[in-house]
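Undergrad: Take a look at this one; I'll ask things after.
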Amino acid sequence: MKLFEYMGKRLLADFGISIPQGTVCSSPYEAVQAFLRLKGPAVIKAQVLSGKRGKHGGVRMVDNEQDAFAAAQDLLQA
């Protein structure tokens with residue numbers, strides 16, 4: 001069974017396992033709102049069904065709203 005990370009986290013949460021706060025965003029604007037809600041710094045991750053996201057640029061650490069927007073825009077265009 002292949003699951004995106006957010007699906008796996010949701011499944012774990014359904015069984016009472018603690019998971020980090022997070023949200024799925026489908027636009028850079030949603031990513032900025034999530035960053036503000038979570039009170040950054042944050043990690044923006046591409047949701048792909050392959051390994052080694054970090055080595056291929058699919059995981060970005062962000063410290064401010066502008067970086068959150070830019071990272072989400074870049075990852076969503078890929």
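Undergrad: Out of (1) under 16 Å from Asp74 (Cα atoms); (2) at pLDDT 90 or above, what's the single condition that is false for Arg53?
TA: Answer for Arg53: the failing condition is (2).
Undergrad: Restricting to the range 1-56, count the residues that are without any contact (Cβ under 8 Å) to a residue 24 or more places away in the chain, surrounded by 12 or more Cβ atoms within 10 Å (Cβ to Cβ) and basic (Lys, Arg).
TA: 3
The values are calculated or read from the model by the stated rules, or taken from the named source; none is laboratory data. Note that the coordinates shown come from a computational prediction; the quantities given were computed from them, not determined experimentally. Cβ coordinates were reconstructed from backbone atoms using ideal geometry, including for glycine residues, and neighbour counts include every protein chain displayed.
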